[in-house]
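The values are calculated or read from the model by the stated rules, or taken from the named source; none is laboratory data. These numbers were taken from a predicted model, which means no experiment stands behind them. All Cβ positions, glycine included, derive from the backbone under ideal geometry; neighbour counts span all protein chains shown. The protein model used for the area step is the full one, side chains on, heavy atoms only, and it has no ligands, DNA or RNA in it. Shrake-Rupley method; radii C 1.70, N 1.55, O 1.52, S 1.80 Å.
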Amino acid sequence: MKQLLVIAVSATIAGTATAQTAPPWDVQMQLDPATGENRITALLVQRNGTVETYAPDEWIRPVLEGYVQAASRILVAYGEPAGPEIEITRGVTRFDGVSGEPMDPDRRMTLVTDDLANSMLLNIADDRDGMTLRFEGGLPNGPGPDLVVLEASLPTGRISGGCPGVPSPGADPMTISRPGGDPVTLPAEAFWDFGPAGPQLNHGIADMADPDFRMEDIDQLRELELRPLAALHYFKVYGTAFDLDELGVGAGERVERLVLSSLGEIIETSDGPRLCWTADPILVVGLPS
């Protein structure tokens with residue numbers, strides 16, 4: 001199975017440029033056991049030969065402008081921190097006894113721009129623009145990395161119910177581009193494992209298990225009554241940094257929109273061919289120039 005996975009990844013990456021930017025030096029996080037929130041307190045990134053520390057109030061936070069869910073049979077769409085009222089068993093997904101109200105629609109729009117490691121969008125599309133982010137005033141192309149991308153995935157080697165029989169490669173590979181532009185691939189090895197994401201509660205609806213059901217726009221993400229369905233505590237935080245130079249952006253030029261999508265891998269699993277390892281963004285923010 002591992003050989004099949006490697007062949008699929010290599011074949012897909014061959015069609016696009018592969019990112020060369022190194023991961024951050026560190027992603028500092030602090031878990032509050034009283035609330036279940038795992039808060040990102042700083043991003044450490046090397047720029048111009050110096051390791052710089054960026055606190056949350058320095059991040060350039062985009063607006064989530066577009067969203068399409070991957071065509072996968074996974075019945076959750078996003079996650080938020082699971083508080084102490086939710087029974088969590090480390091390393092186990094729990095479905096029974098999980099309940100709660102749908103998340104506020106406006107809150108859903110900030111899942112990939114807040115400072116919580118255990119809030120995220122799950123399974124963004126591979127065949128369309130999975131997630132479109134708009135930077136008010138534009139994201140400047142400064143010296144070194146301009147963007148930090150954090151992604152949630154299984155620990156390397158763990159087997160997912162969504163991809164039965166196939167060990168996880170670690171981070172889920174994805175692509176990044178300007179709207180309509182040539183994508184650059186962020187492969188699994190471009191990401192570094194920065195530790196546990198923390199306890200989380202994943203929201204969705206049973207209809208998502210139907211292969212014909214798919215969320216295809218941001219209005220559905222806002223308006224569907226997605227409820228808590230699963231509680232878990234085994235995702236890891238994987239992070240990478242990205243230099244806008246790799247998209248052909250000139251020094252000092254500003255980019256208003258960026259698109260992230262899953263890479264799109266059909267893997268032969270123990271349950272037949274499936275779309276596996278779709279990306280689950282935790283955080284995508286720019287760095288000041």
Legend entry - Backbone N within the stretch 213-244 under 16 Å of label point (7 Å from D127 Cα along the Cβ vector): 213-217
Inset, instruction - Note the full-extension length gain between D26 and E223 as 0.36 nm times their separation in residues minus their Cα-Cα distance, in nm to one decimal. - result: 67.3 nm
Legend entry - Whole-Hz couplings from phi, Karplus 6.51/-1.76/1.60, listed for the stretch 213-221; x for Gly and Pro: 8, 7, 7, 10, 7, 6, 5, 5, 4
Legend entry - Karplus-derived HN-Hα couplings along the stretch 272-286 (A = 6.51, B = -1.76, C = 1.60, θ = phi - 60°), whole Hz, x at Gly and Pro: x, x, 9, 7, 10, 6, 6, 6, 10, x, 8, 8, 9, 9, x
Legend entry - Charge sum, other residues only, whose C-beta stays under 14 Å from A42's C-beta, Lys/Arg counted +1 and Asp/Glu -1: -4
Inset, instruction - Could you size up the charge dipole of the stretch 178-264 around its Cα centre, putting +1 on the beta carbon of Lys and Arg and -1 on that of Asp and Glu, and report it in debye to the nearest 20? - result: 300 debye
Inset, instruction - With θ set to phi - 60°, apply the Karplus curve 6.51 cos²θ - 1.76 cosθ + 1.60 along the stretch 48-62 and write out the HN-Hα couplings as whole Hz, x wherever there is a Gly or Pro. - result: 6, x, 10, 7, 9, 9, 10, 7, x, 6, 9, 5, 9, 8, x
Inset, instruction - Name the residues whose placed amide hydrogens come within less than 5 Å of the amide hydrogen of E256, ignoring near sequence neighbours (fewer than 5 apart) on the same chain. - result: L139
Legend entry - Dipole magnitude of the chain about its Cα centre (Cβ charges: Lys, Arg +1; Asp, Glu -1), debye to nearest 20: 560 debye
Inset, instruction - For the stretch 24-286, evaluate the Debye formula with one uniform point scatterer on each Cα (no solvent term) and list log10 I(q)/I(0) at q = 0.12, 0.13, 0.16 Å⁻¹, rounded to two decimals. - result: -0.67, -0.80, -1.25
Inset, instruction - Treat every Asp and Glu Cβ in the stretch 95-222 as -1 and every Lys and Arg Cβ as +1, leave all other atoms uncharged, and give the resulting dipole magnitude about the Cα centre to the nearest 20 debye. - result: 240 debye
Legend entry - Percent accessible area from carbon and sulfur atoms, the chain, protein chains only, probe 1.4 Å: 50 percent
Legend entry - Those residues of the stretch 203-241 whose amide nitrogen sits under 15 Å from the label point placed on E101, 7 Å along Cα→Cβ: 225-228
Inset, instruction - Taking H placed 1.01 Å from N in the peptide plane, check which residues at least 5 places from T18 or on another chain put their amide H under 5 Å from its amide H. - result: T185
Inset, instruction - Please check which bits of the stretch 259-286 a label hung off R214 would reach, taking the label as a point 7 Å along Cα-to-C-beta and the cut-off as backbone N under 20 Å. - result: 259-269, 272-281
Legend entry - Loop-resident sites, the stretch 76-161, for GluC sites (Glu not before Pro), counting at most 10 other Cβ within 10 Å (DSSP): E85
Legend entry - Solvent exposure, largest accessible area first (probe 1.4 Å, DNA, RNA and ligands not counted), of I40, I266: I266, I40
